[in-house]
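The structure appears below as structure tokens.
The values are calculated or read from the model by the stated rules, or taken from the named source; none is laboratory data. Just so you know, these numbers come straight off a predicted model, no measurement behind them. Methodologically, a virtual Cβ is constructed for each residue, glycine included, from the backbone with ideal geometry; neighbour enumeration extends over all protein chains shown. Each accessible area value is taken on the protein alone, full model and side chains, heavy atoms only, with ligands, DNA and RNA left out. Shrake-Rupley method; radii C 1.70, N 1.55, O 1.52, S 1.80 Å.
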Amino acid sequence: MKIMVENGKMNVPDNPTIPYIIGDGIGIDITPVAIKVFDAAVEKTYGGKRKIEWMKILAGKEAIDKTGEPLPKETLNAIKDYVVSIKGPLETPIGKGFRSLNVTLRQTLDLFVCFRPVKYIKGVPSPMKRPELVDIIVFRENTEDVYAGIEWPVDSDKAKEIIRFLKEKMGVTVREDSGIGIKPISITGSRRIGKAAIDYALEHERKSVTIMHKGNIMKYTEGLFQAEIYKLAEEQYKDSVITEEEINEKYNGNAPEGMLILKHRIADSMFQQMILRPDEYDVIVTPNLNGDYLSDAAAAQIGGIGIAPGANINYENKVALFEATHGTSPKHAGKNEVNPGSIILSGAEMFEYMGWKGIKETIINAIEKTVLEKHVTYDFARLMDGAIKVSTGEFGDRIIKNMEVI
Ligand code: NAP
């Protein structure tokens, strides 16, 4: 049965149909293992009362082979119609060929939030002294910024035309041998992700929302992003959100009880702060490119992108596409050796998004137990003393074996 959205709320049946994309490269290794783990977690938590009906949809290499297109219309329609879906990684040719399928999916379906929770799981090898201090959610804007794909190659007619326009009409000189990219950041785009981040933080009783931006240099794009989210908070969240500046001016630096704190940090200093004082950050909202860098860098602090979950979400129409955050890792493809943690944890977040309580905790707890038993895939094994290296499939089976309803 389809998940329906009525009056802005999701109505999830007990046997929802969830579309899934296996993905290219290591997708074939991780996605089937993840589905086995999801089915076991649902069964364990709800004892047969609930069950997912999985519906395979095509994208990437498999779609090209079967339909001639990397991203068939049927796939896009299914993701929209069925509201919640999940995917493995998809390959993107660098500097040539078709556009990134991930960027196309995000833009075509207007999935404006890239949702990236980063939280430490006990036992996972980390380069940090105290990785347990990291517990953040990155809300990365997904549809604008230099990342939006509005660009033209060096020597192309369009790049030359823009260079001429800039010179003649705007009095700006750009070298003739330049490629050109455009960085749009809008009031609409900034406000809707600001709202999504603040609503999420309030609903999940998080302490703060930090806007990460480079508005001191890119004043009219990233500066706008910060200013509009502050304005939004002032206009719509006066009773529940307070800015850091207000706390310092009116409350001597001590936030009033029960208020969500809104603050902002310049992008470069944010990276430093995430390493030195990660526990001062909670929900972080940021434009596209900053968010891309920050979410992977933060993931490294808790054990790497092999274990970081993510999703692309439109919080207005509720359409959500959960995904493994790493790529297709071609050299490991088909070898049954990579870590399925990222897609499994993305599925855990998916169940929470659907309102199916308890499954996320069951899955995280089982992963933690498995890692503490030191039966791990190669990426963790090489960093842990006394670890036993297991395959992708064995890791999944051990997670299932270690499941207990919490
Ligand atoms: P990648 O596929 O993420 O792989 C980079 C390295 O990260 C791997 O060689 C491996 O390191 C490690 N790694 C990634 N996933 C892992 C896992 N599940 N378990 C253990 N280790 C893992 O990045 P890439 O090589 O830059 O990109 C390859 C392709 O994927 C490109 O076409 C890119 O565009 C695409 N991509 C897709 C997505 C997406 O679909 N969301 C995201 C990023 C990239 P070691 O070999 O050192 O162990």
In region 53-115 the accessible area split gives carbon plus sulfur, as whole percent at 1.4 Å, a share of 53
With +1 on the Cβ of every Lys and Arg and -1 on the Cβ of every Asp and Glu, the dipole magnitude of the chain about its Cα centre, in debye rounded to the nearest 20, is 440
Rounded to the nearest percent, how much of the accessible area of region 164-208 (1.4 Å probe, protein heavy atoms only) is carbon and sulfur? 52
Measure of size requested: the Rg and Dmax of the chain, with Cα atoms as the atom set and Å as the unit; please supply both. 21.9, 70
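Of Val338, Val5, which has the most accessible area and how do the rest follow, probe 1.4 Å? Working shown, then result.
On the way: Val338 10, Val5 55 Å².
Ranking Val338, Val5 by accessible area, largest first, yields Val5, Val338.
How big is the shadow of the Cα convex hull of region 1-133, averaged over all directions, in nm²? Provide the component values of the computation, followed by the final result.
Values: hull surface 45.1 nm².
Result: 11.3 nm².
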Quick one: which of Lys374/Lys401; Lys335/Lys389; Lys369/Lys401; Lys56/Lys119; Lys73/Lys195 span more than 19 angstrom between C-alpha atoms? Lys56/Lys119; Lys73/Lys195
Springs between alpha-carbon atoms under 10 Å, Gaussian network over the chain: tell me which of Pro287, Pro153, Pro184 tops the mean-square fluctuations. Pro153
Rounded to the nearest 10 Å², the accessible area of Trp356 using a 1.4 Å probe with every protein chain kept is 10
Qualifying chymotrypsin sites (Phe, Trp or Tyr not before Pro) in region 219-288, DSSP loop, other Cβ atoms within 10 Å at most 15: Tyr220, Tyr251
Ignoring ligands and nucleic acids, Ile359 exposes an accessible area, probe 1.4 Å, in Å² to the nearest 10, of 0
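What is the sum of charges around Lys318, taking Lys and Arg as +1, Asp and Glu as -1, for the other residues whose C-beta is under 13 Å from the C-beta of Lys318?
Values: positive: Lys2, Lys9, Lys80; negative: Glu6, Asp81, Asp110, Asp199, Glu316.
Result for the local shell: -2.
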Per residue, how many Å² of accessible area does the chain show with a 1.4 Å probe? 47
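Rank Ile343, Ile22 by accessible area, highest first, at a 1.4 Å probe radius? Display every interim value, and only then the final one.
Details: Ile343 0, Ile22 35 Å².
Ranking Ile343, Ile22 by accessible area, largest first, yields Ile22, Ile343.
Return the calculated 222 nm mean residue ellipticity for the chain, to the nearest 500 deg cm²/dmol, obtained by summing -39500 (n - 2.57) across DSSP H runs with n ≥ 4 and dividing by the residue count. All intermediate terms of the calculation are to be shown ahead of the outcome.
On the way: 14 runs with 163 residues, N = 406.
Dividing the helical sum by the residues of the chain leaves -12500 deg cm²/dmol.
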Mean Cβ-within-10 Å packing, highest first, puts peptides 106-117, 252-263, 26-37 in the order 26-37, 106-117, 252-263
Size of the dipole of region 1-154 about the Cα centre, Lys and Arg at +1 and Asp and Glu at -1 on the beta carbon, nothing else charged, in debye to 20? 500
Residue of Gly171, Gly179, Gly310 that the Gaussian network model of the chain assigns the largest fluctuation, springs spanning Cα pairs under 10 Å: Gly171
Once you charge only the Cβ atoms, +1 for Lys and Arg and -1 for Asp and Glu, what is the size of the charge dipole of region 189-266 about its Cα centre, to the nearest 20 debye? 360
